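Worksheet for the structure shown next.
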Amino acid sequence: MIYRPIPIDEEIKFSKKKFIISKTDLKGIITFVNKNFCDISGYSEEELIGAPHNIVRHPDMPKAIFYLIWKTLLSGRAISGVIKNLSKSGKYYWVIADLEPKFDKNGNIVSLTAFRRAAPQNVIDEIEELYEVMLNIEKKHGMKKSIDYLEGYLEERDMTYDAFILELIKPRGILATLLDAFKRLFR
């Protein structure tokens, strides 16, 4: 049985230099984690390996987002997302997750890999309101209506989900200026 901690309103902040990496099978069972995953989530490697990845799913996350992520991955495409996770202590942490399917030599999906990094506050501020609305819709009307809301939200902005996330997580300010200058050096 998997212990589900009671969420507490306390955020775990971690260095933007730390990357959380995990691998799952096609059913979402964890097959690999790095040390950063253990350190930040509060779970040991032994607790995580063999457990469903949703062990770190925070109840503030709309199920519709995970439905979209899984649908995309199982279709063979990579996807990114902004995710609020729940640690073993009940504290939460926000990540930008880049997820991708891994294929065997015959082109069959054999596993899923996630690379996660700390989400900047401006990204959290923008996505939190959307997720709150989606979660309220899910509670009252189900996941399908939450997906419909997300599609309408994206349609209003004339964006796909991928374009929305890429725009949301794009570096801004001085960091964007520095990254652009760095890229020009190597063109």
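The values are calculated or read from the model by the stated rules, or taken from the named source; none is laboratory data. Keep in mind that what you see is a predicted model, and the values were worked out from it rather than measured. Quick reminder, even Gly has a Cβ in these numbers, built from the backbone with ideal geometry, and neighbours come from all protein chains shown.
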Going by the conditions given, is Tyr92 surrounded by 15 or more Cβ atoms within 10 Å (Cβ to Cβ) and either modelled with pLDDT of 95 or more or on the phi > 0 side of the Ramachandran plot (or both)?
yes
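Being outside any loop (DSSP other than H, G, I, E, B) and free of Cβ contacts under 8 Å to residues at least 24 places away in the same chain is the filter here; which residues of segment 48-66 pass it?
The initial filter retains those residues of segment 48-66 that are outside any loop (DSSP other than H, G, I, E, B), namely 48, 52-57, 63-66.
Passing the criteria: only Phe66.
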Checking the structure you have, find out if any residue of segment 118-140 is touching a residue at least 12 places away in the same chain (Cβ under 8 Å), under 20 Å from Lys63 (Cα atoms) and outside any helix (DSSP H, G or I).
yes
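Picking from Ser87, Ser75, which residue would you name as being among the polar types (S, T, N, Q), touching a residue at least 60 places away in the same chain (Cβ under 8 Å) and within 25 Å of Glu138 (Cβ to Cβ)? Give the derivation first.
Values: Ser75 fails: touching a residue at least 60 places away in the same chain (Cβ under 8 Å).
Only one candidate passes the filter, namely Ser87.
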Considering residues of segment 18-54 that are β-branched (Val, Ile, Thr) and farther than 17 Å from Glu100 by Cα only, the residue surrounded by the most Cβ atoms within 10 Å (Cβ to Cβ):
Ile40
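Given Ser80, Ser22, Ser89, Ser15, which one is assigned to a strand (DSSP E or B), hydroxyl-bearing (Ser, Thr, Tyr) and over 22 Å from Ser146 (Cα atoms)?
Working: Ser80 fails: over 22 Å from Ser146 (Cα atoms); Ser89 fails: assigned to a strand (DSSP E or B); Ser15 fails: assigned to a strand (DSSP E or B).
Of Ser80, Ser22, Ser89, Ser15, the one residue that is assigned to a strand (DSSP E or B), hydroxyl-bearing (Ser, Thr, Tyr) and over 22 Å from Ser146 (Cα atoms) is Ser22.
Residues are listed down the side, and each one gets a yes or a no for (1) closer than 26 Å to Ser22 by Cα; (2) hydrophobic (A, V, I, L, M, F, W, C); (3) more than 20 Å from the chain's Cα centre (by Cα):
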position: Ala119; (1), (2), (3): yes, yes, no
position: Asn122; (1), (2), (3): yes, no, no
position: Asp125; (1), (2), (3): yes, no, no
position: Glu128; (1), (2), (3): yes, no, no
position: Glu132; (1), (2), (3): no, no, no
position: Lys145; (1), (2), (3): no, no, yes
position: Gly152; (1), (2), (3): no, no, yes
position: Arg157; (1), (2), (3): no, no, yes
position: Asp162; (1), (2), (3): yes, no, no
For the condition within 14 Å of the chain's Cα centre (by Cα) and closer than 14 Å to Arg116 by Cα, what is the one hit in Ile20, Ile40, Ile65?
Ile20
Among the numbered conditions (1) of a type outside the set (Val, Ile, Thr); (2) under 24 Å from Ile8 (Cβ atoms); (3) modelled with pLDDT under 95, tell me where Phe115 comes up short.
(2)
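Can you confirm whether Gly152 is part of a loop (DSSP other than H, G, I, E, B) and not aliphatic (A, V, I, L, M)? Break it down into steps so the answer makes sense when it comes.
Working: part of a loop (DSSP other than H, G, I, E, B): no; not aliphatic (A, V, I, L, M): yes.
Criteria not met by Gly152.
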